[in-house]
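The values are calculated or read from the model by the stated rules, or taken from the named source; none is laboratory data. Please read all numbers here as calculations on a predicted model, not as lab measurements. In this analysis, Cβ positions are derived from the backbone assuming ideal geometry, glycine residues included, and neighbour counts consider all displayed protein chains. SASA here: full protein model, heavy atoms, side chains in, ligands and nucleic acids out. Shrake-Rupley method; radii C 1.70, N 1.55, O 1.52, S 1.80 Å.
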Amino acid sequence: MSLSQFRLDGKTALITGANRGIGLAIAELFLKAGAHCMLTSRSETSALNALLDSNSQKARWISADVTDVQAPDKIVAETLNAFGALDILVNNAGIADNGDFHNFSDSQLDSILATNFTAPFRIAREAIKPMLSRGSGAIVNMGSISGFVANKPQLQVAYNSSKAAIHQMTTTMAFEYASRGIRVNALAPGYIISDMTAGGIENAEWNKIWTENTPMQRFGKPSEMANCALFLASDAASYVNGATLVADGGYLTH
Ligand code: NDP
């Protein structure tokens, strides 16, 4: 046993949605753990650019809208061109949208499913090909506690369903590829401080409900999700396959 199992030296990771929030924290930690990282998002941020500047040999960024049908090919090819390998995929990019089920529009539904389910499916489908050629790899899909329960007070059937689909995609992919050296796991965060939750955290009523329903009585930090993603992506999780790791301050305990 060695702590080096938690490191990613010599590995290349592709991380979607890496310009802010949870994805940026994962990128920061994976780089510290020794990985080469291909980062993607639609837009750049100052934090992303600072990370790229301080890791100029080990990190690259490519602009991509994950809902673009060409994006999976493009980002996987760019990763292989830049680093010669693809060992780890973190399927993190995602969006949320709320609204009554009976009033939720087709365009809202299409947008949620395209970003939160179809895109991760297509990206994993492309990223797994070089992993299959090498006979090894690790995929971490970003799920959510919303894949298990109905959130309150916000109404978000489409988001919740998209995350439940991610959990099931994870289970089924893990079953299909276990014998070929590829582990597939999901991470299911609770309420984490990011742009996605900023509106709810600023809303006194929502903040109170979210906090009271979290036994640890606080929101999670993106860095705490990065720790979980690193474990799942690393050799330390060598016997963890098909799992959805819940990291929610105890939200799902009641
Ligand atoms: P943020 O809103 O902070 O970040 C979302 C990221 O996804 C950004 O990098 C954004 O980049 C990217 N993204 C969104 N749409 C697209 C697109 N069409 N193409 C490319 N990139 C896209 O959210 P979080 O960091 O909080 O969320 C990250 C993941 O964690 C999501 O899958 C979310 O569902 C999940 N999650 C978050 C929780 C939370 O409490 N925050 C709880 C449970 C799960 P850009 O806009 O520049 O394209």
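What residue among HIS167, HIS102, HIS36 shows peak mean-square fluctuation when the chain is described by a Gaussian network model with Cα springs under 10 Å?
Largest GNM mean-square fluctuation: HIS102.
Under 13 Å from the Cβ of LEU8, count the other residues' Cβ atoms, weight Lys and Arg +1, Asp and Glu -1, and hand me the total.
0
Compute, for LEU109, the solvent-accessible surface of its heavy atoms (probe 1.4 Å) with the complete set of protein chains present, and express it in square angstrom to the nearest 10.
60
Hey, any idea what % of the chain's accessible area is carbon plus sulfur with a 1.4 Å probe?
C and S fraction of accessible area: 53 percent.
Starting from 0.36 nm per residue, how many nanometres of slack lie between SER63 and ARG134 once their C-alpha separation is accounted for?
My answer for the length gained is 22.9 nm.
Rounded to the nearest 5, what % of DSSP beta bridges with both residues in the chain are antiparallel?
Around 0 percent of the beta bridges assigned by DSSP in the chain are antiparallel ones.
Can you tell me the length gained on complete extension of the stretch MET216 to ALA77, counting 0.36 nm per residue apart and subtracting the Cα distance?
Residue separation times 0.36 nm, minus the Cα-Cα distance, leaves 45.8 nm.
Could you order THR115, THR253 so the one with the most accessible surface comes first? Probe is 1.4 Å.
The ordering from most to least exposed comes out as THR253, THR115.
Report the number of Lys pairs in the range 3-245 whose alpha-carbons are under 25 Å apart, with separation of 8 or more residues or on distinct chains.
18
Quick one: accessible area per residue over the chain, 1.4 Å probe, rounded to a whole number of Å²?
With the other protein chains kept in place, the chain gives 46 Å² per residue.
Scan the range 182-223 for trypsin sites (Lys or Arg not before Pro) in coil per DSSP, keeping those whose Cβ has at most 16 other Cβ atoms within 10 Å, and list them by number.
When the trypsin sites (Lys or Arg not before Pro) of the range 182-223 are filtered for loop state and at most 16 Cβ neighbours within 10 Å, ARG218 remain.
Sum -39500 (n - 2.57) across every DSSP H segment of at least 4 residues in the chain, then divide by the residue count to get the 222 nm mean residue ellipticity, nearest 500.
The per-residue figure over the chain is -13000 deg cm²/dmol.
Using θ = phi - 60° and the Karplus curve 6.51 cos²θ - 1.76 cosθ + 1.60, what whole-Hz ³J(HN,Hα) does each residue of the range 226-235 get, with Gly and Pro shown as x?
4, 4, 5, 5, 4, 4, 5, 7, 8, 5
Using a simple spin-label model with points 7 Å from Cα along the Cα→Cβ vector, what separation in nm is obtained for GLN5 and ILE209?
4.2
Pick from ASN160, ASN203, ASN141: which is most flexible by mean-square fluctuation in a GNM of the chain where alpha carbon atoms under 10 Å apart are linked?
Its mean-square fluctuation being the largest, the pick is ASN203.
For a quick check, take a GNM of the chain with Cα springs below 10 Å and name the residue from ALA150, ALA50, ALA186 with the largest mean-square fluctuation.
Fluctuation is largest for ALA50.
For the range 36-41, in order, what is each residue's ³J(HN,Hα) by Karplus, 6.51 cos²θ - 1.76 cosθ + 1.60 with θ = phi - 60°, in whole Hz (x at glycine and Pro)?
Coupling constants for the range 36-41: 8, 10, 9, 10, 9, 5 Hz.
With every protein chain left in place and a probe of 1.4 Å, what is the accessible surface of CYS228, to the nearest 10 Å²?
Roughly 30 Å² of CYS228 is accessible to a 1.4 Å probe.
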